[in-house]
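Notes follow once the structure below has been shown.
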Amino acid sequence: MSDHGDDAVARAREKAQKQAAARGRAQGLEVGWTVFSYLLAGMAAYGGIGWLIGRAVHVPLLFPLGMLVGLGISIGYIIFRFGHKGGLGGWVPPGAGGSGGSSPRANTTHSSRRLRR
């Protein structure tokens, strides 16, 4: 009779592990779509600004330059937001989290910001 109970516990534990893994994959997919949308939005916004300014001053080259500037700004923001564990995004890939949960940057001293006389 105890074998039946052990099997049920093992099945419940396995089911919980599968659900946790699925949640981790879904959260990773969510971050991927967020990054993709930042890239598209940056290109669209700055490309549109470049197109408007280029149309006003009759310089069509400002449209692709605006798109490249928007892409660069988007990449910089993505690195800032998702570039280190515990960043503003708060997302940590499954299996990469430590017990502390803080980033290496959070544990550094700020002595480099002090003025040395």
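Can you tell me which residues in region 47-101 are charged (D, E, K, R), modelled with pLDDT under 95 and surrounded by fewer than 16 Cβ atoms within 10 Å (Cβ to Cβ)? Working first, answer last.
Pass one, region 47-101, residues charged (D, E, K, R): 55, 81, 85.
Those left that are additionally modelled with pLDDT under 95: 81, 85.
Scanning region 47-101 gives no hits.
Here is a list of conditions, (1) closer than 26 Å to A22 by Cβ; (2) at pLDDT 95 or above; (3) surrounded by 14 or more Cβ atoms within 10 Å (Cβ to Cβ), and M43 meets all of them except one; can you say which number that is?
(1)
The values are calculated or read from the model by the stated rules, or taken from the named source; none is laboratory data. Just so it is clear, the model here is predicted, and its values are computed rather than measured. Virtual Cβ from ideal backbone geometry, glycine too; neighbours counted across all protein chains shown.
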